[in-house]
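Read the structure below first, then the notes.
The values are calculated or read from the model by the stated rules, or taken from the named source; none is laboratory data. Just so we're clear, the structure is a prediction, and the values are computed from it rather than from any experiment. Methodologically, a virtual Cβ is constructed for each residue, glycine included, from the backbone with ideal geometry; neighbour enumeration extends over all protein chains shown. These area figures cover heavy atoms from the full protein model, side chains too; ligands, DNA and RNA do not enter into them. Shrake-Rupley method; radii C 1.70, N 1.55, O 1.52, S 1.80 Å.
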Amino acid sequence: MNFVSPTNAEELFGDAFFGAAAIEQAFGASIPEPLPPIPFSADVLQEAAAQGWMLVYRTPTLAGVPFTIGAASERFPELFDARFLRQVGYQLKDEWGILLEPLAHTETPRAGWSLVTKRVLPATRNRSYHEQTQILERWSEPWRKQGLVASRRLAVEAVYDCILAFRSRGERLLEREWDWSASSTLDGGYLNVGGFTPQGLQIFSYSAAVRHGALGICPQLTVAA
């Protein structure tokens, strides 16, 4: 398989390449180099770059500190919409906020390289959670034949990607959309991340039956184990 070096990948993706330099610029913390090899073939990378995807390296810790939603909201409070961090409530609970959810303080990004769409997949809009999952499975078939896994991001991975893109490139992802993540709350809701206006990121939890036109999936591709 013809793999691509980080230098060549950066030339291919331009500002949509988020490696060690972007991480240091965004988070003010260096990570050990060299990073693991980029696990995607040249053909896959070229196709993803042509479709406007981003290539992201994620790390679960920065400067020895776990990257969690709670830790990120403390370090970058200006990037979170404070109105929705605590006790805003939602369908399953009258009083709920992401910082009251245990996973906000325990869930960290999975380490490694991922290819991620910047926009939600159009076909997943205005669909229930399980309908979206079925659409994602059908959409992923061509990639699966190439040994890749298509999945939802964890909520903390969506937060990581949004902060990384904004602080290193000045790009505001998910400004008018919400990515419905794989992260489940204690009462069975699923976290979604988006609405990243100048007021900051919004993180909500919805029951699986909810649907609206700005809520979908930003698929990510990783290499099958």
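State the number of residues belonging to the stretch 32-70 that are assigned to a strand (DSSP E or B) and of a type in the set (D, E, K, R).
1
Quick one: is S151 under 12 Å from the mean Cα position of the chain (by Cα), open to solvent by 20 Å² or more (accessible area, probe 1.4 Å) and either touching a residue at least 60 places away in the same chain (Cβ under 8 Å) or under 23 Å from A50 (Cα atoms) (or both)?
Spelling it out, S151 is indeed under 12 Å from the mean Cα position of the chain (by Cα), open to solvent by 20 Å² or more (accessible area, probe 1.4 Å) and either touching a residue at least 60 places away in the same chain (Cβ under 8 Å) or under 23 Å from A50 (Cα atoms) (or both).
Can you name the residue in the stretch 155-184 that is basic (K, R) and in contact with a helix residue (DSSP H, G or I) (Cβ under 8 Å, 6 or more places away or on another chain) and, of all such residues, is most open to solvent (accessible area, probe 1.4 Å)?
Result: R167.
Name every residue in the stretch 194-220 that is buried (at least 22 other Cβ atoms within 10 Å of the Cβ) and either among the small types (G, A, S) or assigned to a strand (DSSP E or B) (or both), in order of residue number.
Of everything in the stretch 194-220, those that are buried (at least 22 other Cβ atoms within 10 Å of the Cβ) and either among the small types (G, A, S) or assigned to a strand (DSSP E or B) (or both) turn out to be G194, F196, L201, I203, F204, S205, L215, G216, Q220.
So, of the residues in the stretch 17-31 that are more than 16 Å from P109 (Cβ to Cβ) and not in a helix (DSSP H, G or I), which turns out to be most open to solvent (accessible area, probe 1.4 Å)?
S30
Every residue in the stretch 117-148 that is surrounded by 15 or more Cβ atoms within 10 Å (Cβ to Cβ) and part of a helix (DSSP H, G or I), please.
A123, T124, Y129, E131, Q132, T133, I135, L136, W139, W143
Report every pair of residues separated by at least 6 positions or lying on different chains whose Cβ atoms are under 6 Å apart, first residue within the stretch 70-93 and within 18 Å of Q199 (Cβ to Cβ) and acidic (D, E), second modelled with pLDDT of 70 or more and assigned to a loop (DSSP other than H, G, I, E, B).
Note: pairs meeting the criteria are D81/Q199.
Just need a number here: residues in the stretch 1-59 that are farther than 20 Å from R167 by Cβ, in contact with a Pro (Cβ under 7 Å, 6 or more places away or on another chain) and modelled with pLDDT of 95 or more.
Matching residues across the stretch 1-59 total 1.
Would it be correct to say that L12 is assigned to a loop (DSSP other than H, G, I, E, B) and either open to solvent by less than 30 Å² (accessible area, probe 1.4 Å) or aliphatic (A, V, I, L, M) (or both)?
Judged against the criteria, L12 is not a match.
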